[in-house]
Every structure is written in structure tokens, then in C-alpha cells.
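Quick one: this structure, given as C-alpha cells, is what I'll be asking you about.
The values are calculated or read from the model by the stated rules, or taken from the named source; none is laboratory data. Just so it is clear, the structure is predicted and the values come from calculations on it, not from any experiment. Cβ: placed from backbone, ideal geometry, glycine included. Neighbour counts: every protein chain shown. The accessibility values were calculated without ligands, DNA or RNA, using every heavy atom of the protein model including side chains. Shrake-Rupley method; radii C 1.70, N 1.55, O 1.52, S 1.80 Å.
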Amino acid sequence: MYLRRVEAHGFKSFADRQRFEFGPGMTAVVGPNGSGKSNVSDAIRWALGEQSARSIRARKTEDVIFSGSEKRRPMGMAEVTLTLDNSEGWMPIDYREVTVTRRAHRTGENEYFINGQKVRLLDVQDLFRRAQVGQNSYAMMTQGLVDEVLALRPIERRDLIEEAADVHRHRLDRESTRLNSSH
């Protein structure tokens, strides 16, 4: 399985629909300052369900929606679609290609879709968790990350290490088991 394509429309600096094609293997996004490199990685994290606005260099959901320019009016929503190659069946879904879409409106509402079907955030997270693909199974080294990690307080550093060790997934499994056994 690999990320085949990212499409962004209205997300941060991508007022016009942008399409980024990827192939199997490692990918690097390079370009001059101000070309939107960080916005590509932010779009991927966001579409995967990132809930921390700080992780995608925003303060609130509205900050990811194109805010306008001298030549363009602000947009009312942002949308990012990830297209994943599933020809080897890594994801527990009967499609050779899987699309995951997140859409945010200025009202603060977020919508999630898997292959065009409206779903909950939990469904998106569960799909990636069951495929053992998620924020802990890939690495995105963003600008200034090393300095940021070194500057963390001990408790924040612990949270980061636990995330890297995938402790969060085990906590979710334990919580889900606890909730299911109480019904």
C-alpha cells in the first residue's frame, strides 16, 4: 500500500484544486520557500484525521480554509482527498484503491468520507488502525521538528515517545474493550 495521490482544494494556500501524484517508495517534497511544501504535509496529516490544530500550523479549523488574497475571495470550505493504493489488500476494505476525504466548513463542521461514503472520524481512524497504518506508522519530519522536540518539557517528550511507541493504540483498544464489556 502506498499514497498514490493527494488532492487539495481550498486548503491553506491551495485555492485552486491541486493534485500531487506519488509513486511507491520514499517521497520528498522539495521547493523554494513559500511554495507550499509544508501545506502538502499538513494536508496529509489533516486528511488522516489530525485533531491538533497546532500540528498542522493552525489555531482553529477555520485557519485551514483559504482566507483570500488581493485577487481571490476567501473560500467557504477546505477539502483534502488522499488516494491510497490497496491492491495488496493492506486495508480491510474490498477496494483496490481507497480514497479518504476530509472537508471542513467555516462553521467549524468537519465531514469525512471513505470512497465517497460519508463516515465519522472514528471510522477513518479505525480503518487505518485496523490496517496498522496511521500516524505512528509513518514519519513526517516537518520544518523545525528537531528543535521543537529538544525544547519539549519532560511530560510532552513522554507523550511523543509514547506516540512513537504506539502506546496510544493500545489505550484505545483497552478503552474500547472496557466500553464494550460494560454494555
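When you go through (1) in contact with a helix residue (DSSP H, G or I) (Cβ under 8 Å, 6 or more places away or on another chain); (2) part of a loop (DSSP other than H, G, I, E, B); (3) of a type in the set (S, T, N, Q) one by one for residue 81, which number turns out not to apply?
Evaluating residue 81 over (1) in contact with a helix residue (DSSP H, G or I) (Cβ under 8 Å, 6 or more places away or on another chain); (2) part of a loop (DSSP other than H, G, I, E, B); (3) of a type in the set (S, T, N, Q) leaves (2) as the failure.
Tell me which residues, restricted to the range 84-98, are surrounded by fewer than 18 Cβ atoms within 10 Å (Cβ to Cβ) and part of a strand (DSSP E or B).
Within the range 84-98, just 97 meets the criteria.
Only one of 50, 62 is acidic (Asp, Glu), at pLDDT below 90 and under 21 Å from residue 172 (Cα atoms); which?
Result of the check over 50, 62: 50.
Taking the criterion of being closer than 20 Å to residue 132 by Cα and in contact with a Phe, Trp or Tyr (Cβ under 6 Å, 6 or more places away or on another chain), would at least one residue in the range 63-77 satisfy it? Outline the logic, then answer.
Going residue by residue through the range 63-77, those that are closer than 20 Å to residue 132 by Cα are none.
The answer is no, given that none of the residues of the range 63-77 is closer than 20 Å to residue 132 by Cα and in contact with a Phe, Trp or Tyr (Cβ under 6 Å, 6 or more places away or on another chain).
A further question follows. It is to be established whether one or more residues within the range 69-77 are at positive phi and among the charged types (D, E, K, R). Explain how you work it out, then say what you get.
Restricting attention to the range 69-77, the residues satisfying the condition of being at positive phi are none.
The answer is no; no qualifying residue exists.
Right, here's the next one. Anything in the range 1-47 that is in a loop (DSSP other than H, G, I, E, B) and closer than 25 Å to residue 74 by Cβ? List them, or say none.
Listed by number, the residues that qualify are 10, 12, 13, 15, 16, 17, 31, 33, 34, 35, 36.
Kindly provide the set of residues from the range 1-43 that are among the basic types (Lys, Arg), in contact with a Leu (Cβ under 8 Å, 6 or more places away or on another chain) and open to solvent by less than 40 Å² (accessible area, probe 1.4 Å), ordered by number.
Result: 5, single match.
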